[in-house]
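All remarks here apply to the structure that follows.
Nothing in this text is a laboratory measurement; each read-out follows from the coordinates by a stated rule. Because the structure is a prediction, the values reported are computed rather than measured. Here Cβ is always computed from backbone atoms with ideal geometry, including for glycine, and neighbour counts include all displayed protein chains.
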Amino acid sequence: MQEKFILDVCCGGRMFWENKNHPNTIYQDIREDVLPLKEQYGMNFSVEPDVIGDFRKMVFEDKKFKLVIFDPPHLMLNKTAWMAKKYGTIKDTDFEADLQAGFKECWRVLDDYGTLIFKWNDQSVAIEKVKPFFPDKPIIFNRIGTKGKSTYWFVFMKIPKSKEQLIALNQNSPTASSDEEELISVNRDANASPNFAKGETSVNSNIKLNSQVLLQARCNLK
């Protein structure tokens with residue numbers, strides 16, 4: 001069995017895949033549905049994932065994949081509409097919470113120095129409402145079409161953060177990774193406890209201690 005180091009978290013009909021059965025890829029979707037177009041025209045519009053799963057809470061371990069593809073539903077459609085059956089719908093859903101959870105999970109299962117590809121269309125929801133949930137700044141960006149009818153592609157690389165960058169995440173990034181959250185939590189605990197370091201309460205001693213705790217915690221995570 002070939003190693004699976006690529007994940008499509010909501011694959012749908014795998015329509016932008018050159019090889020719709022790539023040997024190193026796990027295709028996941030929350031549903032399985034064989035649509036009439038496949039039977040009538042031989043077109044791959046059926047939803048036949050390898051794994052039935054929810055991108056908001058995935059079963060895969062941390063840092064398992066080198067490449068993660070995130071192309072979630074983006075249209076406000078009635079569930080009975082043909083386009084909804086084909087692409088899914090965000091109507092009557094808390095899509096903002098879903099996107100936030102999805103990005104966090106994609107980042108969690110992505111290995112260090114791995115690549116995340118994200119696709120979005122702004123017909124129903126502007127891209128500006130989605131960007132706050134990005135796990136990091138994208139490396140590459142492309143837009144096809146005009147505003148309101150555009151498809152966006154973003155490429156992210158999961159570059160490990162330095163100690164200073166992790167401390168900056170204390171400003172509460174909504175999609176901090178599990179490793180980052182653990183380090184941030186350690187930092188918050190150190191700041192919150194005046195007796196954390198043998199009763200020392202001075203600003204300088206707390207800053208020194210926080211740095212040591214973060215460094216030790218980061219080493220333990222490796």
Förster radius 41 Å - calculated FRET efficiency between Gln165 and Asn24, Cβ distance, rounded to 0.05: 0.85
For the range 10-19, 3J(HN,Hα) per residue [Karplus equation, 6.51 cos²θ - 1.76 cosθ + 1.60, θ = phi - 60°, Hz, x = Gly/Pro]: 9, 6, x, x, 6, 6, 9, 7, 5, 10
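Could you list, in their original order, any pairs among Lys85/Lys149; Lys4/Lys147; Lys86/Lys161; Lys20/Lys104 whose Cα atoms are separated by more than 32 Å? Before the final figure, lay out each step's value.
On the way: Lys85/Lys149 20 Å; Lys4/Lys147 37 Å; Lys86/Lys161 38 Å; Lys20/Lys104 26 Å.
As for pairs spanning more than 32 Å Cα to Cα, those are Lys4/Lys147; Lys86/Lys161.
Please arrange Phe156, Phe60, Phe141 by counting, for each residue, the other beta carbons lying within 10 Å of its beta carbon, fewest first.
So the residues, fewest neighbours to most, are Phe141, Phe60, Phe156.
Can you sort Arg56, Arg14 from fewest to most other Cβ atoms within 10 Å of each residue's own Cβ? Write out the running numbers ahead of the final one.
Details: Arg56 17, Arg14 21.
Placing the least packed residue first, the sequence is Arg56, Arg14.
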